[in-house]
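To start, the structure under review is shown below, and the notes come after it.
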Amino acid sequence: MILSILKETAEHEHRVALSPDVAAQLITKDLEILIQKDAGLASNFLDSKYEEAGAKVASSKDELLSKTDILVTVQIPPEEDLKKLKKGAVLISFIWALQNPDLITLLKDLGITALGMDAIPRISRAQNMDALSSMSSIAGYKASLIAANELDKYFPMMMTAAGTIPPSKALILGAGVAGLQAIATCRKLGAVVEAFDVRPAVKEQVESLGAKFIEVKLSDEETETKGGYAKELTEDDKLKQRELIHQHAKKSDVIITTALIPGRPAPVLITKEMVADMKAGSVIVDLAAENGGNCEHTKAGTTQIVNEVKIIGPINLPSQLANHASILYAKNILALLNLLLKDGAPDFNFEDEILLNTTMTHNGEIISPLIKNN
Ligand code: NAD
């Protein structure tokens with residue numbers, strides 16, 4: 001079996017799907033590893049490191065694609081590359097099936113078996129494969145560093161001969177994986193941190209990180225799905241939430257927003273009116289920028305300055321920490337392959353809920369209930 005990695009071509013993408021360490025581990029499982037020249041260069045893994053691990057550098061991209069049995073990537077490869085894969089080849093990548101219905105049709109028609117790293121169920125047994133968590137955690141960390149860098153104030157309290165500087169105030173909206181990491185990082189940098197989430201279950205996690213949980217008395221509507229994700233709030237609850245966030249936004253130096261609702265545009269939590277009331281020099285880092293943004297002013301990939309407030313809408317933050325992001329992603333892939341491979345070949349046991357949910361297409365059919373039930 002030949003498992004291959006490509007040099008990622010998407011804009012802003014510096015990660016690679018396999019680290020030399022994981023390549024070495026897969027070789028012990030009787031897989032041959034083929035890499036495209038310079039596949040890991042942007043994340044500082046040189047070809048020589050893969051070769052030391054036992055991998056081979058393909059003479060051309062076409063040779064690699066035509067020989068591949070299992071292709072692992074971070075972003076979906078371009079259509080022309082998918083068309084060069086063998087019928088029955090396996091693709092493991094972030095796929096975002098619901099947002100990409102045409103891609104799913106193409107993969108099905110080409111007879112490619114496609115596994116989506118974004119569809120790994122959030123269950124304990126799958127924690128080591130959970131690429132969404134690995135990447136969200138990096139995004140939360142990096143967003144805090146961006147905020148600290150852009151703010152013209154110290155994060156920690158500073159006692160100097162010239163006087164004492166009070167600590168900055170950070171407000172984190174959405175306390176999922178990215179939000180919790182942002183809380184932890186802002187706390188480590190010395191800021192005073194408050195956080196809010198519609199799921200009351202996160203209160204304890206927020207407090208255990210040393211932040212204050214802002215509570216809103218919402219209606220009795222359930223705010224969480226069975227899978228642990230947030231639901232969209234009622235119009236009444238949205239109003240209550242906005243009033244409270246408005247009060248806290250006025251006092252904040254930094255706001256990091258991370259709120260997402262699966263299958264829906266990101267909820268608007270910071271309105272134009274709130275920005276108009278914020279302190280000059282405050283910084284908003286909107287991690288939901290690529291999903292429409294949690295702030296009304298956000299434009300993905302840009303920094304807007306409104307009323308002397310900086311509103312930053314970063315794109316693909318995990319890619320800015322490409323080396324560690326690739327190491328973690330590769331470990332997530334390895335954990336999935338450990339489940340998938342039996343005696344060195346893929347065994348699609350759809351009795352297993354991880355393989356069932358993650359496999360988008362197989363043998364020309366749609367498999368995952370994620371697509372089927374949508
Ligand atoms: P996410 O990226 O989908 O959303 C980020 C956060 O935004 C969530 O905490 C959500 O509740 C919050 N949010 C949504 N709308 C909001 C609003 N209007 N105001 C404020 N906050 C709002 O979340 P995620 O980080 O992917 O985590 C999703 C779920 O998966 C959580 O329950 C998490 O605990 C769970 N999880 C489980 C595991 C595991 O057991 N293996 C691993 C990771 C995450």
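Worth pointing out:
- Solvent exposure of the range 82-167, expressed per residue, is 48 Å² of accessible area, with all protein chains present and a 1.4 angstrom probe.
- In straight-distance terms, cross-link reach from residue 84 covers every one of the lysines whose alpha-carbon lies under 24 Å from its own, apart from those fewer than eight places away in the same chain; here that gives 7, 37, 56, 61, 67, 108.
- For the chain, a Gaussian network of Cα nodes joined below 10 Å ranks 217, 169, 56 by mean-square fluctuation, and the top entry is 217.
- Accessible surface of the range 1-112 [probe 1.4 Å, protein heavy atoms]: carbon and sulfur percent: 49
- Longest segment of the chain lacking GluC sites (Glu not before Pro) that sit in a DSSP loop with at most 12 other Cβ atoms within 10 Å: 12-214
- FRET efficiency estimate (nearest 0.05) - Cβ-Cβ, residue 157 to residue 373, R0 41 angstrom: 0.20
- Simple Cβ-charge dipole of the chain, Lys/Arg +1 and Asp/Glu -1, about Cα centre, in debye nearest 20: 640
- Taking every C-alpha pair closer than 8 Å and separated by at least 6 residues, the mean separation divided by the residue count of the range 156-241 gives a relative contact order of 22 percent.
- Remark: the range 107-119, residue by residue, has Karplus-estimated 3J(HN,Hα) of 4, 4, 5, 7, x, 8, 8, 10, 10, x, 5, 7, 10 Hz, where x stands for each Gly or Pro and the curve is 6.51 cos²θ - 1.76 cosθ + 1.60 at θ = phi - 60°.
- Pairwise Cα distances in the range 22-169 exceed 22 Å for 58 percent of all pairs.
- With protein chains left intact and a 1.4 Å probe, residues in the range 175-256 average 52 Å² of accessible area per residue.
- Extension gain (nm, one decimal) between residue 56 and residue 150, 0.36 nm per residue minus Cα-Cα: 29.5 nm
- Beta bridges by DSSP in the range 52-197, antiparallel share as percent, to the nearest 5: 20
- A crude spin-label estimate for the pair residue 229 and residue 323, with each label 7 Å from Cα along the Cβ direction, gives 3.5 nm.
- Potential lengthening of the chain between residue 201 and residue 27 amounts to 58.4 nm, from the contour at 0.36 nm per residue minus the alpha-carbon distance.
- Based on protein heavy atoms only, the range 282-327 ends up with 38 Å² per residue of surface accessible to a 1.4 Å probe.
- Accessible-area composition of the range 127-234, carbon plus sulfur, in percent [1.4 Å probe]: 53
- With distances taken between every two different alpha-carbon atoms, the range 146-208 has a Kirkwood hydrodynamic radius of 12.5 Å.
- Linear extension gain, residue 100 paired with residue 306, 0.36 nm per residue minus alpha-carbon span: 70.8 nm
- Cross-link pairs exceeding 24 Å in C-alpha to C-alpha distance, out of 153/238; 142/372; 153/251; 212/331, comprise 153/238; 142/372; 212/331.
- Result for the chain in a Gaussian network model with C-alpha springs under 10 Å: among 360, 158, 135, the largest mean-square fluctuation is at 158.
- Cα extents for the chain along the principal axes, largest to smallest and rounded to whole angstrom: 64, 50, 34.
- Distance between the modelled labels on residue 38 and residue 299, one decimal in nanometres: 3.2 nm (7 Å Cα→Cβ projection).
- Residues residue 277 and residue 124, FRET efficiency given R0 of 56 Å [Cβ-Cβ distance, rounded to 0.05]: 0.85
- In this entry, the range 98-223 is assigned a mean projected area of 11.7 nm², taken as a quarter of its C-alpha convex hull surface.
- Computed E for residue 48/residue 11 - FRET, C-beta separation, R0 25 angstrom, nearest 0.05: 0.35
The values are calculated or read from the model by the stated rules, or taken from the named source; none is laboratory data. Because the structure is predicted, anything quoted here is derived from the model rather than measured. Because the Cβ atoms are built from the backbone with ideal geometry, glycine has one as well, and the counts that use them run over all protein chains shown. We work out accessible area using only protein heavy atoms, side chains counted, and drop any ligands, DNA or RNA first. Shrake-Rupley method; radii C 1.70, N 1.55, O 1.52, S 1.80 Å.
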